[in-house]
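Scroll down for the structure; my scribbles are underneath it.
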């Protein structure tokens, strides 16, 4: 019996982490938790969280929340859904939690964002819209040190 080299294990872990990230991107509106994500790739929740953070800069739960907020921003910019409808459409089960998390990541409550952003990016290419509307936590630092 041979043992897997450290490099092979790292590649295998990266493949599994990518699978988890892809699942979050696909199923962000579903009830997902770290334990379920870890079971799906036969890892412990702790190992998944540590490895995911190393690979992507944030733990899987934070990535999920950021993905949900990104989608919420898109839906709020459209302007045809209420904040409550958007909250449930992106996978939150509590309007209070949604509003708190949205405000933390975007810097303003969802109702204010909806009012200010509706139609603001009309006509802009999708790649520009995505870049301009990334939640603040994920934006790269542009200031000097």
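Computed from the coordinates by the stated procedures, all read-outs in this text should not be read as laboratory data. These figures come from a predicted structure and were not determined experimentally. Positions of Cβ are generated from backbone atoms using ideal geometry, with glycine treated the same way; all protein chains shown enter the neighbour counts.
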Work out how much length residue 54 to residue 25 would gain on full extension: take 0.36 nm times their residue separation and subtract the Cα-Cα distance, in nm to one decimal.
8.6 nm
Exposure-ranked with fewest Cβ neighbours within 10 Å first, 69, 24 stand as 24, 69
Spin-label pair residue 116/residue 100, simplified geometry with 7 Å Cα→Cβ offset, distance in nm
2.2
